[in-house]
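Have a look at the structure below before the remarks.
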Amino acid sequence: MAIGLVDAVVDEDQLREHAMQFAASIAINAPSSIRAIRATQRGDLADRVEAAMAHERALQARLFTTADFAEGVAAMAQRRDPRFTGL
């Protein structure tokens, strides 16, 4: 709950009542707002996140081959400040 992945924890015997109350709290909102939220969650958000992650993986793969990456690893292993060159 501390990081926002869970909204509530309820006992099994209270699950239906809690779910109905939660649904009622959603239902009082403007229908256009609910449709917009559903469209966002069901839309291309997952595709955009995957594309961003693929882009990040490609960048990281390229950066792992640079002289600066090797220098950073060597500097850490030798417990010294790195001397980056931008290459």
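Quick rundown of the values:
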read-out	value
Residue selected from region 10-53 under the condition of a type in the set (Asp, Glu) and in a loop (DSSP other than H, G, I, E, B), by the criterion surrounded by the fewest Cβ atoms within 10 Å (Cβ to Cβ)	11
Any hit, region 66-73, residues being in contact (Cβ under 8 Å) with a residue 12 or more places away in the chain, outside any helix (DSSP H, G or I) and either within 22 Å of the chain's Cα centre (by Cα) or not assigned by TED's automatic domain parsing to the domain that holds residue 23 (or both)	yes
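The values are calculated or read from the model by the stated rules, or taken from the named source; none is laboratory data. Predicted model, so just to flag it, every value in this text is computed and none were measured. Heads up, the Cβs are rebuilt from the backbone with ideal geometry, glycines too, and the neighbour counts pull from every protein chain shown.
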